[in-house]
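Chemist: Here you go, one structure.
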Amino acid sequence: MKQEVYSEVDNSTVSPLVQMSLRELVAAIVCGIGVGLMVSALMLIMNKYLFGTVLCRTAASADCSQAPLYSLIVSMVIGAIAGVVGLARLRVFRPLLTVIASAVALWGIEPIVFGMSWYWAILSTMFLFGVCYGLFTWISRVRSFILAVVLVTVLVVVTRLMLIS
């Protein structure tokens, strides 16, 4: 009886990036735009009807300046939860890293957004979230987790510096 031996040695190398099609990237950007719409709408509604009403009474007028910040914090947390769920349903690689990086990068947009009219505030927030979700989804494709975290951290710092200036 003759036995054959097969060699299953694969000489190909593994790519340092996880495969991502253009369709998947666009889906992540659209998810970011949806989260931006939700965050900006919640921020404006909660500022006007919840925190603005409670904190801007005559007895507590010193806390009135904090109402936009509180509405931003609550809407960003709700938006981050929705973003993780959305990106996980799209099967994006490392959705939590993308959402945390986007939330940290856009954490201080309250002074920028509340200086605009409501429709420009919603459009600019949607644009910023879409860009951040697309950028951080694309960067987090790196197979090495440590390298992905370092790259994302550098980009978060650059994004924060761009928004502050």
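The values are calculated or read from the model by the stated rules, or taken from the named source; none is laboratory data. Just so it is clear, the model here is predicted, and its values are computed rather than measured. Quick reminder, even Gly has a Cβ in these numbers, built from the backbone with ideal geometry, and neighbours come from all protein chains shown. For the accessible areas, the whole protein counts, side chains as well, though only heavy atoms, and no ligand, DNA or RNA atoms are used. Shrake-Rupley method; radii C 1.70, N 1.55, O 1.52, S 1.80 Å.
Chemist: Rounded to the nearest 0.05, what FRET efficiency do ALA88 and VAL158 have when you use their Cβ-Cβ distance and R0 = 22 Å? Write down the numbers at each step before the final one.
Modeler: Working: r = 26 Å, r/R0 = 1.20.
Using R0 = 22 Å, I get an efficiency of 0.25.
Chemist: Turning to a different aspect of this structure: I need the shape label for segment 92-160. Rule: rounded when a/c is under 1.5, else prolate if a/b > b/c, else oblate, with a, b, c from the alpha carbon gyration tensor.
Modeler: Numbers: a/c = 3.45, a/b = 2.22, b/c = 1.56.
In terms of gyration-tensor shape, prolate.
Chemist: Now for a different question. What FRET efficiency, computed as 1/(1 + (r/R0)^6) with R0 = 25 Å and r the Cβ-Cβ distance, is obtained for ILE81 and THR13, rounded to the nearest 0.05?
Modeler: Details: r = 38 Å, r/R0 = 1.52.
About 0.10, to the nearest 0.05.
Chemist: In the neighborhood of VAL54, defined by Cβ-to-Cβ distances under 14 Å, what is the net charge if each Lys or Arg adds +1 and each Asp or Glu adds -1? Before the final figure, lay out the partial values.
Modeler: Numbers: positive: LYS48, ARG57; negative: ASP63.
Local charge sum for VAL54: +1.
Chemist: Roughly speaking, to the nearest percent, how much of segment 60-130's 1.4 Å accessible area is carbon and sulfur?
Modeler: Details: 2680 of 3650 Å².
Here it works out to 73 percent.
Chemist: Want the number for SER124 to SER165: 0.36 nm per residue separation, take away the alpha-carbon distance, what's left? Don't skip to the end; give the middle numbers.
Modeler: Details: separation 41, 0.36 × 41 = 14.76 nm, distance 1.64 nm.
The span from SER124 to SER165 would gain 13.1 nm if fully extended.
Chemist: Over segment 21-102, with the other protein chains present, what is the accessible area per residue in square angstrom, probe 1.4 angstrom? List each step's numbers first, then the result.
Modeler: Numbers: 4500 Å² over 82 residues.
On a per-residue basis, 55 Å².
Chemist: Determine, from the Cβ-Cβ distance of SER117 and VAL30 and an R0 of 22 Å, the FRET efficiency 1/(1 + (r/R0)^6), rounded to the nearest 0.05. The partial results should precede the final answer.
Modeler: Numbers: r = 25 Å, r/R0 = 1.11.
The calculated FRET efficiency here is 0.35.
Chemist: Given contacts defined as C-alpha pairs under 8 Å and at least six residues apart, what's the relative contact order of the chain, whole-number percent?
Modeler: Relative CO of the chain lands at 33 percent.
Chemist: Related question: Lone cysteines in the chain, going by a 4.7 Å Cβ-Cβ cut-off?
Modeler: Flagged as lacking a Cys partner: CYS31, CYS132.
Chemist: Sort VAL84, VAL150, VAL92 by heavy-atom solvent-accessible area, probe 1.4 angstrom, most to least. Please list the in-between numbers first.
Modeler: Numbers: VAL84 40, VAL150 75, VAL92 20 Å².
Reading off the accessible areas and sorting them downward yields VAL150, VAL84, VAL92.
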